[in-house]
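Single-structure report; data block below.
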Amino acid sequence: MEVYAAKDLTFTYAGAQAPTLQNISFSVPENAFLLLYGTSGSGKTTLLRLLKSECTPKGKRQGEILYRGKPLSDLPYETSVREIAYTAQNPDTQQVSDYVQNELAFLPENLGLPSAEIQLKIAETVGFFGISDLYTRKIQTLSGGEKQLVNLAAACVGTPRVLLLDEPFAMLDAVGAERLLRAIVRLHQSLGVTVLVTEHNIQPLLPYLTGVLTLENGTLGDCLSVDAFLRAHPDAAPSVAVPQMLGILDENTSLPKTEAQARAQLQSTVPHISLPVKPHVAAPAKPILELKNAAFRYTRDGKNVLSDLSFSLSRGEIFAVIGANGAGKTTLLRVLTGEYKPYSGKRKASAELKIAAVPQNPQACFAFETVSEVLNAAYAPPTPKALFHLLNDAPSAAPAPLSAVADICETLGIAGTLPKNPFDLSAGQQQRVAFAAALLKNPDVLLLDEPTKGLDKQSKEALLPLLAAWKKAGKAVLLVTHDLDFAAACADRCALLFDGHFVFSGESRAFFTHGDLYTSAVARMFSYLPEKARPISLSEVQHANAK
């Protein structure tokens, strides 16, 4: 039986000139595990939200959506809440309680379940997702990745029959993502839960998918098998992209769907590889931003988040901070900006140093009603009087973008968003707008918190030359990220934050060839090679000489 069936579905947001989804038709069979794949802004989030009545955005919908053979709009509220679980890209938009334990109890309590049954469901869910250490925590104190885990657990307390997951791994470290994936796969395989997921990092999902729906510019293609999808999009996953670059895949070769399968294929066909010679890197310049034995905690009697941490950032370098969810990476950024003050140790920076930060939640950067206003204000900040009128006067036509704004929007692929309200954009588009706003401030130091969250492959690739140009201009960049492949492609130095301090800090090649878990997909696939001969990024593979 089909869980969902859509026919000639079109959706236009309120106030929009053109539809976001156009005449799409598809079906989702029982017990499917489908990937909804497409670039940022292609309509994936809109489609997921339309599949759950309570999450439907404001706008005009045409066409038909059936749930188990009946109109979705006729589904009783209680049935929809119980059977269809949805998690959003931004976990902060979904929480309704102050504490994790109350968040988990919210759904079954609103369904009117007996107290004993509620406690049983909560206990099973906490054990199933392995979040007992978070159960009594205040949600405000959780990291973005921990909030994502709690959101999914809260959605699953009602024992759903369908999971609609919007970028569930975007804010998770490698270990957390693996734990969450195991839970989703268990729900799918053991309980027969149907899964429809959007995700840009599709590599971990490939062995479990039953099909792929590709959405581009609001139109939907046919549902493809995983093999057919990878033949059409070989760059979508490193396990296929690397062998493809080296010319060892042909139409008769089995497509490797895991890193282990790719490693076995590479080891049998590429026993040696000659890496491109990197230009000599000059010694770091004098630090412009430093921490000396810094310690920070949120409450007087609380546990240290940062402990005796020393760190320096120099002009002309990109520094990546890696670490598990809750390790303190975002706290470190806030100490570096001066928003938080260490209770011991020192932060050293000149008074003239200009710092711009892109937060984990890009919506925090949006104070105006159009993208054009947000970016114009970042490049040429208005006077206090003009700012008052911008924020309080009735909106008129969107202002024309300044030339510098137009240029960077073209580079980042967001020129079409300029007249739009930034809150109406996809998560990936919002991320690029926030990044553009930070660059337009022309800071000496750029601090990026999960800069690739919600970005497709093309958008990530557009960031790399921008960061390289920023470094060449004598600027400094510090990014905290779970996207280890992106860090391997752009960072000069990397550090692992653990227990409040850096347990390993060094040049990127040393970092990514020493680690087992916190390393790039490319480095893992070439782990059979000696460390000095091991590629760590797709760019190195592309320019290497395979033997």
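Quick notes on this structure:
- Within the stretch 117-156, tally of residues that are under 13 Å from Asp98 (Cβ atoms) and either surrounded by fewer than 16 Cβ atoms within 10 Å (Cβ to Cβ) or hydroxyl-bearing (Ser, Thr, Tyr) (or both): 4
- Test: Lys547 is under 30 Å from Arg297 (Cβ atoms) and modelled with pLDDT under 90: no
- Screening Pro279 with (1) closer than 21 Å to Phe511 by Cα; (2) open to solvent by 50 Å² or more (accessible area, probe 1.4 Å); (3) modelled with pLDDT of 85 or more gives one miss only, at (3).
- For the stretch 377-481, the helices (runs of 4 or more DSSP H) that sit wholly inside it and include 2 or more residues that are open to solvent by less than 40 Å² (accessible area, probe 1.4 Å), hydrophobic (A, V, I, L, M, F, W, C) and at pLDDT 85 or above are 403-412, 427-440, 457-472.
- In the stretch 199-222 there is no residue that is surrounded by fewer than 17 Cβ atoms within 10 Å (Cβ to Cβ) and of a type in the set (A, V, I, L, M, F, W, C).
- Filtering the stretch 60-93 to residues that are free of Cβ contacts under 8 Å to residues at least 12 places away in the same chain and open to solvent by 70 Å² or more (accessible area, probe 1.4 Å) leaves Lys70, Asp74, Pro76, Thr93.
- Cβ-Cβ distances below 9 Å connect the following pairs, each with a first residue in the stretch 505-528 that is at negative phi, a second residue that is surrounded by fewer than 17 Cβ atoms within 10 Å (Cβ to Cβ) and basic (Lys, Arg), and a separation of six or more residues or different chains: Arg509/Lys278; Arg509/Lys532; Thr513/Lys532.
- Note on the stretch 43-59: among residues that are over 29 Å from His233 (Cβ atoms) and touching a residue at least 24 places away in the same chain (Cβ under 8 Å), the one that is most open to solvent (accessible area, probe 1.4 Å) is Lys58.
- Selection count where residues are aromatic (Phe, Trp, Tyr) and assigned to a loop (DSSP other than H, G, I, E, B), scope the stretch 292-347: 3
- In the set Lys257, Lys292, only one residue is open to solvent by 60 Å² or more (accessible area, probe 1.4 Å) and among the basic types (Lys, Arg); that residue is Lys292.
The values are calculated or read from the model by the stated rules, or taken from the named source; none is laboratory data. This one's a predicted model, so the numbers in the text were calculated from it and none came from an experiment. In this analysis, Cβ positions are derived from the backbone assuming ideal geometry, glycine residues included, and neighbour counts consider all displayed protein chains. Heads up: the accessible areas ignore ligands, DNA and RNA and are worked out on the full protein's heavy atoms, side chains in. Shrake-Rupley method; radii C 1.70, N 1.55, O 1.52, S 1.80 Å.
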